[in-house]
Amino acid sequence: MLDFLIGIPGAILRFCNSITGNYVIALFLFAVIVEIVLLPFSIKQQKNQIRQAKLRPKEMAIRNKYKGRNDQATQQKVQNEIMEMYQRENFSPWQGCLPLLIQLPIIMALYNVVINPLRYICGLSAETITALNAYIPTLEGYSDFVARGSETIKQLNIIRELGVEAFASVEGFAEKITSVNDLPNFDFFGILNLAETPNFKVFNWLLIIPVLTFVIAFFSSRITRKFTYQPTTNENDKQAGCSNAMMDFMMPAMSVYITFIVPGAIGVYWMFKNIVTLIKQIVISKVMPIPKVTEEEIREAEREANLSNRQRKKQEKARSLHHIDDEEPEVAAEEKKPAEEKPAESGPIAPAPLKEDNPEHRNKTKN
């Protein structure tokens, strides 16, 4: 199953390499194809950001209600109310994260394709690669050769160095590879060998790949942020600015670290991917712009929130009074029940009034 999934980008890259004849151009074309495939997810992500921007006034109304209170309990309450508002609006801020999650498997698959070109680009079987690994140590000057896992980049370099004819006797090799043109060319204008990994032990032009990776990743991140929704608040602008500045350096720095542990072709693809993604984001933002929030919209949202709070309190009060009214008749009925169970006509004679309460008696007394 894993081999099948890796084989998909391998087949695409093999097709790109066959029509371009240049591995670097093939990587660029591959990056374009990947972004086209991910375009529906990017559009959905943009729509999600537009909807979040439209909910910004309600979010700001909640934040302004607790403005000036920075204790942890209050901030937690603010976040809870914002999430409750999102739930009422049937909105999830995580709906646009799918394109980011898909990028990681693509990079991992491409890494396997790049380090194993004989398998996924040239189409050699696992048996042929095993036979090739056993054959290379028998050649003069390569007795210390040791195959490293599924990597076949070193084998590819050796084949290019000695020529295809030297490996014609390897079972299954000549059926797939008949000339050097059948091999992916990692050479970049005779300056860079993208099959090698940049390092400081050998100072060469490969070191330009980490440098360019950092520069392109840094500026593409800064520019992309201008065309995407940024959910910041006035109170947290400074904090958010520091966080963004840190991310601007941390993510490119991580990319640089990766370029020092993978073949140069991965770093080249990463540069192409950042450039193509930036262009795509700019185009989408022009076609589907994110609405800007005005102060009037925020005040209107605050008025609606206050009105909703008053209505909710009235409803709670009315509900409370309603329950009290419902209970009073029951209480009254219980109180009246004993009196009703003592009927006046049950006795032969009704109680007589006291003498001092008799009006005639009071008159006689006065006379």
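Some notes on this structure:
- Of all residues in region 132-149 being within 18 Å of Thr197 (Cα to Cα) and exposed (fewer than 13 other Cβ atoms within 10 Å of the Cβ), the one that is modelled with the highest pLDDT: Val146
- Residues of region 169-180 that turn out to be free of Cβ contacts under 8 Å to residues at least 24 places away in the same chain and part of a helix (DSSP H, G or I), as a count: 3
- Ala166 assigned to a helix (DSSP H, G or I), aliphatic (A, V, I, L, M) and free of Cβ contacts under 8 Å to residues at least 12 places away in the same chain: no
- Any pair with Cβ under 6 angstrom, 6 or more apart, that starts in region 137-160 at a residue that is free of Cβ contacts under 8 Å to residues at least 12 places away in the same chain and ends at one that is of a type outside the set (Phe, Trp, Tyr) and not in a helix (DSSP H, G or I): Pro137/Ser143
- Boolean, Gly123 is part of a loop (DSSP other than H, G, I, E, B) and loosely packed, with under 13 Cβ neighbours inside 10 Å: no
- You will find that of Gln75, Gln46, the residue that is of a type in the set (S, T, N, Q) and touching a residue at least 12 places away in the same chain (Cβ under 8 Å) is Gln46 and no other.
- Looking across Gln52, Gln46, Gln103, one residue alone is assigned to a helix (DSSP H, G or I) and surrounded by fewer than 18 Cβ atoms within 10 Å (Cβ to Cβ). It is Gln103.
- Meets criteria (surrounded by 18 or more Cβ atoms within 10 Å (Cβ to Cβ) and at pLDDT 85 or above) for Pro40: no
- Top-ranked residue of region 199-217 - restricted to ones that are under 17 Å from Phe272 (Cβ atoms) and in contact with a Phe, Trp or Tyr (Cβ under 7 Å, 6 or more places away or on another chain), ranked as surrounded by the fewest Cβ atoms within 10 Å (Cβ to Cβ): Pro210
- Yes/no for Trp270 being closer than 30 Å to Val24 by Cβ, of a type in the set (A, V, I, L, M, F, W, C), surrounded by fewer than 17 Cβ atoms within 10 Å (Cβ to Cβ) and at pLDDT 80 or above: no
- Residues located in region 84-99, provided they are in contact with a Leu (Cβ under 8 Å, 6 or more places away or on another chain), modelled with pLDDT of 75 or more and not charged (D, E, K, R): Met85, Tyr86, Phe91
- Which listed residue, of Asn193, Asn181, Asn157, Asn185, is open to solvent by 10 Å² or more (accessible area, probe 1.4 Å) and more than 22 Å from Val262 (Cβ to Cβ): Asn181
- Scanning region 12-31 for residues that are open to solvent by 40 Å² or more (accessible area, probe 1.4 Å) and part of a helix (DSSP H, G or I) returns Ile12, Arg14, Phe15, Ser18, Ile19, Thr20, Ile25, Phe28, Leu29.
The values are calculated or read from the model by the stated rules, or taken from the named source; none is laboratory data. As the structure is a computational prediction, the values presented were derived from the model and not from experiment. Note that we place each Cβ from the backbone using ideal geometry, even for glycine, and neighbour counts take in every protein chain shown. Side chains included, ligands, DNA and RNA excluded: accessible areas come from the protein's heavy atoms. Shrake-Rupley method; radii C 1.70, N 1.55, O 1.52, S 1.80 Å.
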